[in-house]
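Read the figures in this text as sums done on the coordinates, not as results from a lab. This structure is a prediction, so every number in the text was calculated from the model and none was measured. Counting neighbours? That spans all protein chains shown, and the Cβs are built from the backbone with ideal geometry, glycine included.
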Amino acid sequence: MDWQSVAAQLFPGGHDITEADNFLSGSAQVDGKPVAVIGTTDHTPIGIEIALAQAQAILRTVREHPGRPILILVDTQGQRLRHRDEMLGINSYMAHLGKCVDLARREGHTVIGLVYDQALSGGFITSGLIASACYALPEATIRVMGLPAMARITKVPEERLTELAKDNPVFAPGPENYLRMGGLHGIWDGDLAGELIRALADARAEDGRMALGLARGGRLMAHPVAQAVRVGSDVRPA
Amino acid sequence: MSSYQELTARQRIPAMFDAGSFEEFLPPSMRIVSPHLAQLDAAVSFDDGVVVGRGKFGGRVVFGAAQEGGFMGGAVGEVHGAKLVGMLQRAIDERAHAVVLLLESGGVRLHEANAGLIAVSEVMRAMLDVRAAGIPVIAVVGGANGCFGGMGIAARCANTVIMSEEGRLAMSGPEVIETANGVEEFDSRDRALVWRTTGGKHRYLLGDCQVLVEDDTEALRAAALDAIADIPPGGAPLTLDGLLAEQAMLERRLQDTQGLSEPMDVWKGLGMPDPARVPMLEPDEFLTLATQHRATPTLGER
């Protein structure tokens, strides 16, 4: 879905989001209150410039609009795969973006991620996945890597991965798998404006994704293992 | 001198922590293994590739972890990530003096794809929770597999990144970039180029690692002790000023390197004399020069 249609459905109260080189920024009215919006569009790879632009927009929001909620609109094919990005330390640019989101959360800004089209790996890990909560539209695709590339690196035949991807949440790219694993808090269908209002009200400070993954049956080991380490007990089978 | 790079994770822990002090949480005897590898006929490891626990470090209670590069390249799966998160949470519960992470990882374990990706993001958030609790987090990067992917990002969520000269820190591996965009984009077999692009000296000059030492276990231990001591009381959490300074450093880097594609030209731009000699410089000579020219985060105009 194109970002204009998403924005129109999310913000019936109006918005002033603009696009520059696939970078989205602006503000919108949600339930009569202003929300800062940043994001990317057109499946753009996240290179060092656009990571920094997003970080700057978040820092500006923290400085100029204390407490204002932030919505991150995610559409990316992943981190940019170029020598120059690696040379200049794209991991540092990504980490900087993630740290800015983290600071904003701790300073009282609720941060919501919304995957409205594609989310891949490195482009997603320091945006939607570090927000207070992350949601997706039903037709979104979320994955770490395409199955052909994954087959090459893991040396597992692609047919096997394709078979597994049908019903195994670990390999399948659909949002319902991320939902089952707790990586997404919900999938928004229908009334996007109402869903956003609810999400802003429901967001919690702590990271509850392991417990969600356990409760939803998509990630059974993470929560018991982390708890066992934390309290020094044996792992109880889920 | 004894090489840190050549040690396994289980050898690094006792070599770094005070002798005999480290207690491992969820040790291999409990046989907690990945639930995803069997269906791919991949071997499991009884520690899922990471040692986590608590020990004494310079006499203080410090929590720590070591990733094992010899098991799936140190990559993060569901159990591996959860062990790190649990240790980080416990460090907060028990008010640790610091956390030291001995990182060696290719990032997300592709065999556990989606679960690994979520796990790495949980590790990042847990590291920042530790910092927010006022506990310094130190990342040590000196393993043969380097520190890549999501863990390359996580490393930069620490207060201090310590690298050995042989350490490598980046995001996408050279092979991934070559596969995606061709050998003319990044020749992954050009070891010198790979090192100039991702290696310790380069990262130190750019300002992405704060301490650079030789590949010597005792030197890395001493550097980690100093790094913890150098963080002032209240200095562990993220701050707006700190992130504005980092923003300024990263913006300056973009401006100063426009049109450059060779790390030696980046070093020249920083003012390093005779950049072609940098790879050969002895550690002391390099550090003397580098400390005059390396980039650091400073608060710009506000």
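Points to keep in mind about this one:
- P(r) tail fraction, chain A - alpha-carbon pairs more than 31 Å apart, %: 23
- Once you reduce segment B:257-302 and segment A:150-177 to the center of their Cα atoms, the two points are 43 Å from each other.
- Average beta carbon contacts from partner chains per residue of B:264-277, 10 Å cutoff: 0
- Between the Cα long axis of helix A:158-167 and the first principal axis of chain A there is an angle of about 70°, rounded to the nearest 10.
- Value of Rg/Rh across segment B:14-87 [Cα atoms, Kirkwood radius]: 1.02
- Taking the Kirkwood radius as Rh and the Cα radius of gyration as Rg, segment B:197-272 has a ratio of Rg/Rh equal to 1.03.
- Inter-chain Cβ neighbour average for residues B:45-58, partner chain, 10 Å: 0
- Modelled label reach - A:ASP234, point 7 Å along Cα→Cβ, segment B:38-69 residues with backbone N closer than 20 Å: B:46-48
- Estimated FRET transfer efficiency when R0 is 25 angstrom, pair A:THR162-B:ALA180 (beta carbons, to 0.05): 0.75
- Close amide H pairs (under 5 Å, H built 1.01 Å from N) link B:GLY69 with B:ALA9, residues at least 5 positions away or on another chain.
- Peptide A:216-228 is shielded by partner chain Cβ atoms: per residue, an average of 6 of them sit within 10 Å of its Cβ.
- Cα Rg, Dmax (largest Cα-Cα span) when computed across the protein assembly as shown, Å: 21.8, 66
- For segment B:157-302, the convex hull drawn through the C-alpha positions has a volume of 135 cubic angstrom per residue.
- Dimensionless Rg over Rh [segment A:110-165; C-alpha; Kirkwood]: 1.09
- Degrees separating the helix A:48-64 axis from the principal Cα axis of chain A, which is the longest one: 60
- Note that segment B:242-302 carries a Kirkwood radius of 12.7 Å, evaluated over its alpha carbons pair by pair.
- Principal axis dimensions, segment A:32-110 - Cα atoms, whole angstrom, descending: 43, 23, 15
- Nearest 10 degrees, 0 to 90: helix A:222-231 Cα axis against chain A principal axis: 90
- For segment A:135-205, the Kirkwood hydrodynamic radius comes to 13.6 Å, computed from all pairs of different C-alpha atoms.
- In a DSSP loop and with at most 11 other Cβ atoms within 10 Å, the GluC sites (Glu not before Pro) in segment B:144-203 are B:GLU184.
- One quarter of the convex hull surface built on the alpha carbon atoms of segment B:117-188 amounts to 5.5 nm², the projected area averaged over directions.
- Taking the C-alpha atoms of chain B, convex hull volume expressed per residue in Å³: 139
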